[in-house]
Amino acid sequence: MAPPPPDTRNLALARALDRSEPLAGLLQRVQGSRQRFEAIRALLPPALLGSVRPGPLDETAWSVLVGHAAAAAKLRQMLPELQSALADAGWPQPPIKIKISPRA
């Protein structure tokens with residue numbers, strides 16, 4: 001049996017990313033944010049995992065989004081440990097910003 005044909009929407013998106021420098025840069029930042037989050041995930045208390053997610057990454061900072069003020073306070077206490085884990089994983093050191101952003 002022949003494999004299913006590729007999804008033309010995915011191919012169109014891949015071509016657009018290849019041809020657009022701004023879109024390729026955006027994709028790199030999204031991937032970088034997710035990879036950084038994976039580097040710190042094991043350090044997060046299990047009770048916080050559902051309230052914490054990766055946020056925007058740019059030249060000045062990486063944001064970690066949290067669902068409520070208590071989670072933000074706990075992560076701010078953990079910042080030195082989180083930054084150390086990122087450095088150990090080889091990530092450049094823009095500072096981590098903790099932002100409260102409840103899920104919709």
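The values are calculated or read from the model by the stated rules, or taken from the named source; none is laboratory data. Keep in mind that what you see is a predicted model, and the values were worked out from it rather than measured. Don't worry about glycine lacking a Cβ; one is built from the backbone with ideal geometry, like all the others, and counts go over all protein chains shown.
At pLDDT below 85, surrounded by 11 or more Cβ atoms within 10 Å (Cβ to Cβ), outside any loop (DSSP other than H, G, I, E, B) and among the hydrophobic types (A, V, I, L, M, F, W, C) - does that describe any residue in segment 66-82? No.
If you check 94, 56 for being surrounded by 12 or more Cβ atoms within 10 Å (Cβ to Cβ) and in contact with a Phe, Trp or Tyr (Cβ under 7 Å, 6 or more places away or on another chain), only one passes: 94.
When restricted to residues that are under 27 Å from residue 72 (Cβ atoms) and among the acidic types (Asp, Glu), segment 15-50 contains 1. Contact map, segment 9-30: residues that are part of a helix (DSSP H, G or I) paired with residues that are modelled with pLDDT under 70, Cβ distance under 8 Å, separation 6+ or inter-chain. Pairs shown: 23/16; 23/17; 24/17; 24/18; 27/17.
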